Each structure stands twice: as C-alpha cells, then as structure tokens.
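K.L.:
Below you will find the structure I want to go over with you.
The values are calculated or read from the model by the stated rules, or taken from the named source; none is laboratory data. This structure is a prediction, so every number in the text was calculated from the model and none was measured. Using ideal geometry, Cβ is built from the backbone for each residue, glycine included, and neighbour counts are taken over all protein chains shown. Heads up: the accessible areas ignore ligands, DNA and RNA and are worked out on the full protein's heavy atoms, side chains in. Shrake-Rupley method; radii C 1.70, N 1.55, O 1.52, S 1.80 Å.
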Amino acid sequence: MSASAPLLLRHHRPFLSFWLARVFTASGFQMLTVAIGWHLYQLTGNVLDLGLVGLVEFAPRVLFMLHTGHVADRYDRRRVAALCQALQALIALALVIGSSTDNVSREMIFVLAFLLGAARSFEMPATQALLPNVVPPGLFPRAVAASASAMQSATIVAPAAGGFLYAFGSVWVYGPTVCLYVIACVLTLNLTARRTPPNQGRASLESLLAGVRFIRSRPDVLGAISLDLFAVLLGGATALLPVFAKDILLTGPWGLGLLRSAPAVGALLMSVWLARFPVERKVGRVMFTAVGVFGVATIAFGLSTSFWFSLAVLAVLGAADMISMVIRGAFVQLETPDEMRGRVSAVNGLFIGASNQLGEFESGVTAHWFGTVPAVVMGGVGTLLVTGVWIKLFPTLANRDHLQSKNSG
C-alpha cells in the first residue's frame, strides 16, 4: 500500500498530532462561530449584527496581515500556533463565565469576535508554514490533502454538534469548545518538527513586505494565488443559499442545512481521494480544469430547480474546489523558501479571506441588481472567463508538470 492519508496518520506520528490539532481547533472554531451567531441574534434580534460580527472577525486579517507572516517566520511556529489556540480557549472561557452569570452583552461579543479573528490571523500562517516541517517533501502533497480533510470534517460535523448542544444552553457549547482548544494547544506544543533557522531580522516595512515582493517575483505563485481570489470572488454562491432553499427549491431549514453541507461533503471525499492518489503530473492543467469545473457547477446550480440535482452539483463544486486548493496549497508552499513561508502564507490567507468575504458581498449586490438566478449564473460564467484569461496570462503555470521545480527554495 502506497503512502496515503491512513498510512500518514498511522505511521507518521508528527503528522498525526498535527492532523488532530487541526481537527480540534477547526471544530472549536466552527462550534464557537455557530454559538456566537445564535447568542448575538438572541440578544439583539438584529440581522445586521450577524453580518457585522463576521466583518469584525475578518478585520484583524487585514490589519495584521504583514505582521502575522513575520511572526510565523521569526519565532517557533509551534509556539505561535499553540499560543493562538490558548487565546481562543480563553475567549471561549470568557463566554462560559459570561453565560453562567448572564453577563454577555452585544459589545462583549464584538470585542471577543475581534480577538478571535486576531488569534486566527496569527495561527493560520504559522500552521500552514509548519506543515512542510512536519512531513518529508515527498509526502507533502498527500499531507496537504489529508490536512484539508480535517478541516472539511470539522465543517460538516462541528456546526451541527454546536447547534445540538446549544439547545441545552450556550454554556454547553462554549464549555466543550474550551476543551477542544486546550487539546489542540497541547498537541501542537508536543509536535515534533524539523527545526529551521528563524528569521532574526527586526520587523521593518521592508521585512513585512517581503512576502508581497516574493509573490510578485514568482509569476506562477502569483497566478495560482490570484486565480483563487478572482474565481471564488465571482463564483461564490453560498451567500444566496437561503434564497434558493426558500424561494427556488422550495425546501425548509433542513434543506438549507443540506445545501450548506453538500460542498463540504464533496470536498471531504475528494480530499480523501487526493491523499491516497495525489496529483503528481500535469498539475497546472488539472488545477485550471478544476477551476473550470467549479464554474460549470456554479452555473448548473444557478439554473437548477431540482433540490437533489442542486445537492449533487454543489458536491461536485466542493470537490473541484478541493482539487484546486490542494494543488495550489502544496505548490505555493513547496515553491517558497522555508524562511519566507509565514509571510507568503499570510498574504495567501488574506487573498482567501477576501475572496470568501467579498464574494458573498458581490453575490448579494449582483442578486439585488439582476436577480438571484442571473447573479449565480453570471458568477459561474465569470469564473470560466477568469480561467481562460489566467491561462493566457500565466502560460508556464498552465503548462506546469510538477508541483516543485528543481531550482525552488
């Protein structure tokens, strides 16, 4: 049996610890997000607050983007990630205490949401840059896919678990979340990873912008990162799922839940497949094809009036997005020198966050202007157009055969 996700998890103990830490921290965040949203809406009854709390969580990613990458490259990445997980545990603990004493306010939730976003802003580049130090280069593409499966598993299971526990009271969600983050913190601190000389330079504008300059100097890296930004920005339809569930597919809340889970199910199945059978040749062509399939699936979903067909194309959409994400993630990390990985991951993380957040905004605006179905269809067409343009703008990326070039750092 060749190296695969099960083999990695059984026989590569550092990666097993890394994978479990990802499961626990992702599950904690998913449960915490669900509980905070419901708690806030119970307090204020204002739908706008739900949008504002998401914006507050995203703001630190923009404010601290350059610093988060520098921290990941200058300090022990395990300790940085563990410290961020400990901070998230303290945030959940504050909500436990506040809920127990009935002292949770709207303002308190917004402050904690900002701190949660700040912790995740520093955790993400440190964690992404840490993975290449945990597994050998030959296993890295499989490790990226297996790591993604941890995130998708948490996305499917944790929100439902959080909603179920919230029925017994908010403390029943916040309490287990504290435990999840503490376990993740312990696993991360005990992680065995190859040490590399840290960047000892002081934080300066030149150092902080090094990640941006590196991406600009590598056309293939720039093309891969920007392809995801614009493809997801135009093709994202998740913000409009409530409209499809209620007015087009004529289902109830249960249908909306299934529609939201379908992309994650497709992504999870594809990540398991890629962990066992990684893409090793013609990676550029496969990545662009996957983005094209993402666009076609978006169009099909927009035109569908069948609930079950919509579920199917959303699963295909999630699977295609996973192929693109795994290839792009492995490629960018392998092409980046280890001492730069934190800063490059920070820029990449901002692109990903911006594509998701701005994509939801773009979907809402176009739906308001042109209608829900035309907005989704136009988004899918836009994704296909971006794919074609990017093939022309970045021909070496489109024709790339292997993930890592021989002269990459």
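K.L.:
Take the residues of region 274-290 that are part of a helix (DSSP H, G or I) and open to solvent by 50 Å² or more (accessible area, probe 1.4 Å): which is nearest to Ala148 (Cα to Cα)?
P.N.:
Arg276
K.L.:
Being at pLDDT 75 or above, surrounded by 19 or more Cβ atoms within 10 Å (Cβ to Cβ) and either touching a strand residue (DSSP E or B) at 6+ places or on another chain (Cβ under 9 Å) or not in a helix (DSSP H, G or I) (or both) narrows it down to one residue among Leu165, Leu191, Leu187; which is it?
P.N.:
Being at pLDDT 75 or above, surrounded by 19 or more Cβ atoms within 10 Å (Cβ to Cβ) and either touching a strand residue (DSSP E or B) at 6+ places or on another chain (Cβ under 9 Å) or not in a helix (DSSP H, G or I) (or both) holds for just one of Leu165, Leu191, Leu187, which is Leu191.
K.L.:
Another question about this same structure. Of everything in region 243-257 that's touching a helix residue (DSSP H, G or I) at 6+ places or on another chain (Cβ under 6 Å) and open to solvent by 30 Å² or more (accessible area, probe 1.4 Å), which residue is modelled with the highest pLDDT?
P.N.:
Val243
K.L.:
How do the pairs read when you match residues in region 258-281 that are within 23 Å of His402 (Cα to Cα) and touching a residue at least 60 places away in the same chain (Cβ under 8 Å) with residues anywhere that are of a type in the set (Val, Ile, Thr) and surrounded by fewer than 18 Cβ atoms within 10 Å (Cβ to Cβ), using Cβ under 8 Å and keeping only pairs 6 or more apart or on different chains?
P.N.:
Cβ pairs passing all conditions: Val279/Val286.
K.L.:
While we're on this one: If we only count helices (runs of 4 or more DSSP H) wholly inside region 63-145, which ones have 3 or more residues that are open to solvent by 60 Å² or more (accessible area, probe 1.4 Å)?
P.N.:
77-100, 106-134
K.L.:
Phe309 passes all but one of (1) of a type outside the set (S, T, N, Q); (2) at pLDDT 90 or above; (3) open to solvent by less than 50 Å² (accessible area, probe 1.4 Å); which number fails?
P.N.:
(3)
K.L.:
Another question, if that's okay. Here are Val80, Val111, Val104, Val96: which of them is of a type in the set (Val, Ile, Thr), more than 22 Å from Cys179 (Cβ to Cβ) and over 16 Å from the mean Cα position of the chain (by Cα)?
P.N.:
After ruling out the rest, the residue left standing is Val111.
K.L.:
Mind checking whether some residue in region 207-222 is modelled with pLDDT of 70 or more, among the polar types (S, T, N, Q) and under 29 Å from Ala346 (Cβ atoms)?
P.N.:
The answer is yes, given that some residue of region 207-222 is modelled with pLDDT of 70 or more, among the polar types (S, T, N, Q) and under 29 Å from Ala346 (Cβ atoms).
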